[in-house]
Amino acid sequence: MMFKLNIITVSLLAMSGSVMAANFGVGQANTESVNMEKYQCKRCVSETGYSGKVTLLTGYNSPNDLHAGNALGTAEDGAIAAISGDLRYLNSTGYKASMQAHQLGLDNGFANLKVGKSGLYELELDYQAIKTYESGDARSQLWQNDGMLTPSVYPNQFDLALQREKSAIGLSYDEGRYNTFVRYSQEEKTGTQSASLVAPRPTNFGLPVDSTTKQLDAGASLAGDNWLTELSYFGSYYSNNIQDLSLPYLSDVYSAAPDNQAHQVSLSGQYQLDSTVMSGRLVTGRMIQDDSLIQMSGNPLQSWDGEIETLDGRFAVTSMLSNRLRVGASVDHSKRDNKSSSWEFTQYSYNALSGAFKQNVPQDIERNTYKVNASYRLASGYRMQAGFDRKEVDRSYSEREQTDENNLWAKLNVTAFDKLNINVKASHGVRGGSEYQVNELTSSEDNILMRKYYLADRTRNALELKFNHSPLSWVSIDLTGRYALDDYDATIIGLTESKDYGYDLNISLQLSKNLTAYGFAGQQWIDSIQAGSQSFSSPDWQADIQDEFINLGAGFSYSGLMEDKLTLGGDYLFSNSISDTYLEGSALVGSDLQYGGYFSYNHSVRMYADYALSPKMALKLSYQYERYYDTDGAQVGINTVPGLTTLGELNHDYNAHQVMLSFSYLLR
């Protein structure tokens, strides 16, 4: 859609406002005395007809574990086949078509078709399949059949996996200053995911998934010499084909996700005045849910009317005050006005069975964000940026109804040195707000000393360093380092401190004309401290949570072999995740309370050989190996804990292999 291109164009024009003021545009040039024949490209030919590449793939898959399908593209065991391609067509009158496909035939793939006429209209058809795998060894003693959960003495085994298939059709029309578009999409989501029942006893089971989401987007835009505007509509419709679930002796024990819909109307625009660009957007909408409720004792409602009115707005301005100084500011507003129905329900109080009445309270949320920034070129190769951001949030019926966050940041860009770029950014943020209180409308059963991390007072200091260096013509190095410290200085029970630091290193090598290589390494550490109380009073235990993430990789490509017909390559990736929790405190000494940690690693190897049979045909042989292991101390066997039925230990430990042979044909 040309609207996005117009946005970029106007932004670029804003950067050259002084030139426009002098009217030095290309369109104003006098070309009457210029011999254009001398400047025409004699060898530049607009390629018409068909072009592109079609690839047929076939191979053998040995996943050894359903989870391996996330990396291999399919969990199917045995022979596999797919098709990929990138085709284009163009004729001399401007009619064009293109088609892209990637691994159609596997569990994960996509296809896209576009036809139209250049600069006038375009019709687009799109298809995408995405499948995610969690486990192929889940077990449950509840069988689900047509809304009935039937208990069984022996557990049944099933797959935890979700399949999404999305198809879309879109049409856009461009007539210079006027553009329109309409797009309709539908997504079918099926599979099985984990779910649980609390009564009559805690039980995990496989919840079937069968839902449809429909999306309709439409809009029109109008552009002038220095302005543009767009009016758009976005509508979403969700329907769940799974109804409430029941036990043979107890009806409606599990409530299905209700059908819902959302509608938004958006009006946006941008205006350029000399070297100043102003943009704005106003979005209003409604989110609606109207579905039957499971009938329970003390619930007088047969259905619940849920409705939230939304209002979002943004205004931003940026201006080049001089060739050294640029300033900008923006205001964002977001409001969620909850118009859902409320009713008084009979509910027992926490300490005694008083039979008191309580009312469900719909929560409203309003956010306002203000930003100002400036960029100043100190000298050639030195630029300083600074800004101030403020975010205000109001939440009705919350432990803390108002919070405000203030963040001051500064950034220095240095490009003055030959083959070396340096970026340094530092920020300081503080969050405060209204009085934190626990009352009957929120969580009277919580410890009055507890603070939720997203509502608590916090001071954040962060630093980021970036280097890009090319010491030699064939070497490029990128290094990024980060450090952030969150101090929840007013929290007695809850998250009191968090550190987040790490680095990313990338190296690119052009070792010879035919040999290239790369390598990367990255690590991240997150250390958190949490205080708690078993006695519902002052803190008597502390948890130190240490999370570590590692990513390492390397690869190469060697071409020019066998008279420039053979290319060899390989890639290696290693990732590792570790999470440990250490408990300290007198209340835990000698107790049986233990927190298991989480640990996982993955080795991924890919090797390939690409051989050109002719200028138009090629064969490629590839091999992929996956070594994956994870263990979660929180998972237990299906009946290991008395009174608790789980889906079993869903940890993974496997080796997976995939061999693929592909044939490619080039169209020219």
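The values are calculated or read from the model by the stated rules, or taken from the named source; none is laboratory data. All of these numbers come straight from a predicted model, not from anything done at the bench. Here Cβ is always computed from backbone atoms with ideal geometry, including for glycine, and neighbour counts include all displayed protein chains. The protein model used for the area step is the full one, side chains on, heavy atoms only, and it has no ligands, DNA or RNA in it. Shrake-Rupley method; radii C 1.70, N 1.55, O 1.52, S 1.80 Å.
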- Note on the structure: Placing +1 on each Lys and Arg Cβ and -1 on each Asp and Glu Cβ in the chain, then taking the dipole about the Cα centre, the residue among SER622, VAL659, SER167 whose Cα reaches farthest towards the positive end is SER622
- Those aspartates and glutamates that a straight Cα-Cα span of less than 16 Å connects to LYS114, excepting residues fewer than 8 apart in one chain: ASP86, GLU122, GLU124, ASP126, ASP174
- Query: Applying 1/(1 + (r/R0)^6) with R0 = 30 Å to the Cβ-Cβ distance of VAL331 and SER380, what FRET efficiency is obtained, to the nearest 0.05?
  - Reply: 0.30
- Message: Which aspartates and glutamates, if any, have their Cα less than 14 Å from the Cα of LYS565, not counting same-chain residues under 8 positions apart?
- Response: ASP610
- Task: Check the straight Cα-Cα distances from LYS391 and name the lysines below 30 Å, setting aside those fewer than 8 residues away within the same chain.
- Result: LYS4, LYS335, LYS339, LYS371, LYS411, LYS425, LYS452, LYS466, LYS499
- With 0.36 nm assigned to each residue of separation and the Cα-Cα distance removed, THR284 to MET607 gains 111.1 nm
- Item | Two-site label geometry, TYR625 and ILE477: point separation in nm, points 7 Å out along Cα→Cβ | 3.1
- From the square roots a ≥ b ≥ c of the eigenvalues of the alpha-carbon gyration tensor of the range 535-665, which class results: rounded (a/c under 1.5), prolate (a/b over b/c), or oblate? prolate
- Item | Dipole moment magnitude, nearest 20 debye, the chain about Cα centre, only Lys, Arg, Asp, Glu C-beta charged | 3200
- Task: Any chance you could look up the accessible area of ASP500 with a 1.4 Å probe, heavy atoms only, rounded to 10 Å²?
- Result: 60
- Excluding ligands and nucleic acids, what accessible area in Å² is computed for HIS657 using a 1.4 Å probe, to the nearest 10? 70
- Taking +1 at the Cβ of each Lys and Arg and -1 at the Cβ of each Asp and Glu, which of LEU267, ALA195, THR213 sits farthest along the dipole of the chain towards its positive end, judged by Cα position relative to the Cα centre? LEU267
- Note on the structure: For the range 89-245, shape from the Cα gyration tensor axes a ≥ b ≥ c, cut at a/c of 1.5 then a/b versus b/c, turns out prolate
- Query: Between LEU162 and PHE467, what is the spin-label point distance in nm, taking each point 7 Å from the Cα along the Cα→C-beta axis?
  - Reply: 4.2
- Taking Rh as the Kirkwood radius, which is the inverse of the mean 1/r over Cα pairs, what is the Rg/Rh value for the chain? 0.98
- Message: Rolling a 1.4 Å sphere over the protein heavy atoms, what is the accessible area per residue of the chain, to the nearest Å²?
- Response: 58
- About its Cα centre, how strong a charge dipole does the range 231-339 have in debye, to the nearest 20, once Lys and Arg get +1 and Asp and Glu get -1 at the Cβ? 800
- Message: Along the charge dipole of the range 612-668, pointing to its positive end and built from +1/-1 on Cβ of Lys, Arg, Asp and Glu, which listed residue (LEU650, ALA612, THR640) has its Cα farthest out?
- Response: ALA612
- If you average the sequence gap of Cα pairs under 8 Å that are 6 or more apart and divide by the length of the chain, what percent do you get for the contact order? 9
- Once you sort the root eigenvalues of the Cα gyration tensor of the range 156-222 as a ≥ b ≥ c, which label holds: rounded (a/c under 1.5), prolate (a/b larger than b/c) or oblate (the other case)? prolate
- Carbon and sulfur atoms account, in whole percent of the 1.4 Å probe accessible area of the chain, for 55
